[in-house]
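Please read the structure below before turning to the comments.
Computed from the coordinates by the stated procedures, all read-outs in this text should not be read as laboratory data. Only a predicted model underlies this, so the values are computations on that prediction, with no experimental measurement involved. When we count neighbours, we look across all protein chains shown, and the Cβ atoms used for this are built from the backbone with ideal geometry, even at glycine.
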Amino acid sequence: MIRYRSTRGSAVVDLPAALEQGIAPDGGLYIPESLPEFDVSDFQDANTEVEIAERFLAPFFSGTSLAGHLSSICTQTYAFPISCTQLPPTARGQRTLLELFHGPTAAFKDVGAGFLASSMAVLRDGDPDKRPVLILVATSGDTGGAVAAAFHRRPGFEVAVLYPTGRVSERQEQQLTCWGENVTAFSVKGTFDDCQRLVKAAFADADLSVRYRLSSANSINIGRLLPQAVYYAAASLRHWRANQKKLSFVIPTGNLGNGLAAVMARACGLPIGDIVFATNANTAIPDYLRSGQVEDRDSVDTLASAMDVGRPSNLERLRNLFGEAQALNKLLSAYSVSDEGIRTTIGDVFRRDGIAICPHTATAFHVYDLLPEGLRDEQDWALVATAHPAKFERIVESVTGAGIEMPRTLADLMDKPASAVSIEPSLAELSSGLERR
Ligand SMILES: *Cc1c(COP(=O)(O)O)cnc(C)c1O
């Protein structure tokens, strides 16, 4: 049985506890005490995402109350396609696009949110405490929609999504406010930091915890990380079977959850070659790899807004699992891309490869072009597409001059009636807003 220990030392728990707590009591993040070792042959006859997920995740679940439900959790999590499409070839080697945006809110965060929701639903069913679980989530855009979609209409769960008024795009706001029923959206007159502060205050509030069991589904939950490793496992296994070659990845990176999942999948023995992180102008990760110093800085606003993270929380996990900068430099690399680079790349890729990409995905394309030629040509690469371009149509259309068709799932959300409760950033207003719903 794999147990989960805090990066800060004291706590060791099983998977259900790690999922329910989100963050360890000592303020650290949960990481597996050991990683399973796989061989390609362990995945014989596993072809679909669901089948590959069941094998990959089995050791992480074994011995816990969730183990018997692994199959149904995987079926619910990987309910939408995750496709690898071939890009026009370069002089040597091939490039594929790993499309992680076919879920209900058109970004890869649907995978982690779906996994967390289906796992927590199982845990709640088996729990004698039948107070409703209140999922509180502060969002600057993508996370809130994914969490709302994943918990929508799940019996026993209420969701409160807190977002900063006027600071999310129109389409993102629609995805936060269109759910109704057990989901309440709070438009908070303040910043994203105010929303986060309010969530923390709610956790410390005695009245709320009489009425609800509080949970956060935040982006540092280990339940977001594990299911993300599965699509790297699946993409690399398929590539290995077809080409007998490892697959290397360029990954748009902000809080480092998606990128860390790839490093973990490779450490578990999956046929993954190089791993390269692409950041926007928030350069904490490339700076750390260069200097070995973790600097405390605020985030800067960029066109790839879902990656605007000044202090990536999962860096603590990465260092704890795989070592400090010197060791990490042997395992991976990271490059940053300016807004100018993002804009130019969206235009270049549209003209050269004939596809529209979102600003986050553009960082991966840009970094691929920057790689040393030898490295780029020797290996087969997958560029990771983290969101559908229609989600960021203002930016993308202004560069390409062409309209982007919305995927069906997104278009359906756009047509739904929406409502939000407007509040000042105070716990009293949040609390009475929850009471009135
Ligand atoms: C969240 C997000 C990212 C960054 O992922 P991390 O796991 O935080 O590194 C990149 N692109 C999109 C579209 C996102 O929503």
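Send over the Kirkwood Rh of region 53-128, from the inverse of the averaged 1/r over different Cα pairs, rounded to one decimal Å.
When all Cα pairs of region 53-128 are included, the Kirkwood radius is 14.4 Å.
How many times 2.2 N^0.38 Å is the alpha carbon radius of gyration of the chain?
0.94
So how do PHE249, PHE350 line up by other beta-carbon neighbours within 10 Å, fewest first?
The order, fewest Cβ neighbours first, is PHE350, PHE249.
Given points 7 Å out from each Cα along the Cα-Cβ axis, report the CYS84 to ASP125 separation in nanometres with one decimal.
Inter-label distance under the simple model: 3.3 nm.
Between ARG290 and SER62, how many nm apart are label points set 7 Å from Cα along the C-beta direction?
4.4
Taking the dipole about the Cα centre of region 140-290, with the C-beta of Lys and Arg at +1 and of Asp and Glu at -1, give me whichever of VAL188, SER236, PRO164 is farthest to the positive side.
Farthest along the dipole direction, towards plus: SER236.
Throw me the Rg/Rh for region 233-290, computed over C-alpha atoms with Kirkwood Rh, two decimals.
Ratio of gyration radius to Kirkwood radius: 1.04.
Mind listing the Cα extents of region 1-151 along all three principal axes, in Å, largest one first?
Principal-axis extents of the Cα atoms in region 1-151, largest first: 57, 37, 31 Å.
With contacts defined as alpha carbon pairs under 8 Å and 6 or more residues apart, what's the relative contact order of region 245-378 in percent?
About 28 percent, as a whole number.
Please get the size of the charge dipole for region 350-437, origin at its Cα centre, with Cβ charges of +1 on Lys and Arg and -1 on Asp and Glu, quoted in debye to the nearest 20.
340
Quick check: residue separation of GLN244 and ARG311 times 0.36 nm, minus the Cα distance between them. What number comes out in nm?
Length gained, GLN244 through ARG311: 20.3 nm.
Within a 10 angstrom radius of the beta carbon, how do VAL250, VAL13, VAL263 rank from fewest other beta carbons to most?
Ranking VAL250, VAL13, VAL263 by Cβ neighbours within 10 Å, fewest first, gives VAL13, VAL263, VAL250.
Enter the mean projected area of the convex hull around the alpha-carbon atoms of region 110-241, in nm², rounded to one decimal.
Taking a quarter of the hull surface, the average projection is 9.4 nm².
With the Cα gyration tensor of region 304-347 in hand, convert its eigenvalues to equivalent ellipsoid semi-axes via √(5λ) and list them largest first in whole Å.
Square roots of five times the eigenvalues give 27, 14, 7 Å.
Mind checking which of ALA306, ASN280, PRO16 is farthest towards the positive end of the chain's charge dipole, using Cβ charges of +1 (Lys, Arg) and -1 (Asp, Glu) about the Cα centre?
Positive-end residue among those listed: PRO16.
Note the full-extension length gain between ALA206 and SER419 as 0.36 nm times their separation in residues minus their Cα-Cα distance, in nm to one decimal.
This chain segment gains 73.9 nm when fully extended.
Using alpha carbon coordinates only, what is the Rg to Rh ratio of region 322-384, with Rh defined as the Kirkwood radius?
Reported Rg/Rh, Kirkwood definition of Rh: 1.03.
For region 261-320, what does the convex hull of the Cα positions come to per residue, in cubic angstrom?
Output value, Cα hull per residue: 98 Å³.
If eta is 1.567 mPa s and T is 4 °C, what Stokes-Einstein diffusion coefficient results for region 217-360, Kirkwood Rh from Cα pairs, in µm²/s?
Diffusion coefficient, whole number: 81 µm²/s.
Using only C-alpha atoms and all pairs of different ones, pull out the Kirkwood radius for region 169-237 in Å with one decimal.
Value: 15.2 Å, from the Cα pair sum.
Give the dimensionless ratio obtained when the Cα radius of gyration of region 379-437 is divided by 2.2 N^0.38 Å.
1.82
Over the chain, what is the percentage of antiparallel beta bridges among all DSSP beta bridges, to the nearest 5?
Here the antiparallel bridges make up roughly 20 percent for the chain.
Relative contact order for region 301-437 using alpha-carbon pairs under 8 Å, separation at least 6, rounded to a whole percent?
20
Could you name the lysines in cross-link range of LYS200, using Cα to Cα under 28 Å and dropping any fewer than eight places away on the same chain?
Cross-link targets: LYS109, LYS130, LYS189.
So if I restrict to the alpha-carbon atoms in region 284-437, what is the Rg, and what is Dmax, the biggest pairwise distance, in Å?
Final numbers for Rg and Dmax: 19.9, 62 Å.
So what is the relative contact order for the chain, in percent, with contacts set as C-alpha pairs under 8 Å and at least six apart?
Reported relative contact order: 18 percent.
Could you put TRP240, TRP381 in order, starting from the residue whose Cβ has the fewest other Cβ atoms within 10 Å?
Ordered from fewest to most neighbouring Cβ atoms within 10 Å, TRP240, TRP381 come out as TRP240, TRP381.
Non-local amide H neighbours of PHE186 (under 5 Å, H modeled in plane, Pro and chain starts lacking H): which ones?
Under 5 Å from the amide H of PHE186 lie the amide H atoms of VAL161, LEU162, TYR163, VAL421, each far enough along the sequence or on another chain.
Counting Lys +1, Arg +1, Asp -1, Glu -1, what net charge surrounds GLN326 among other residues with beta carbon under 14 Å of its beta carbon?
Residues near GLN326 contribute +2 overall.
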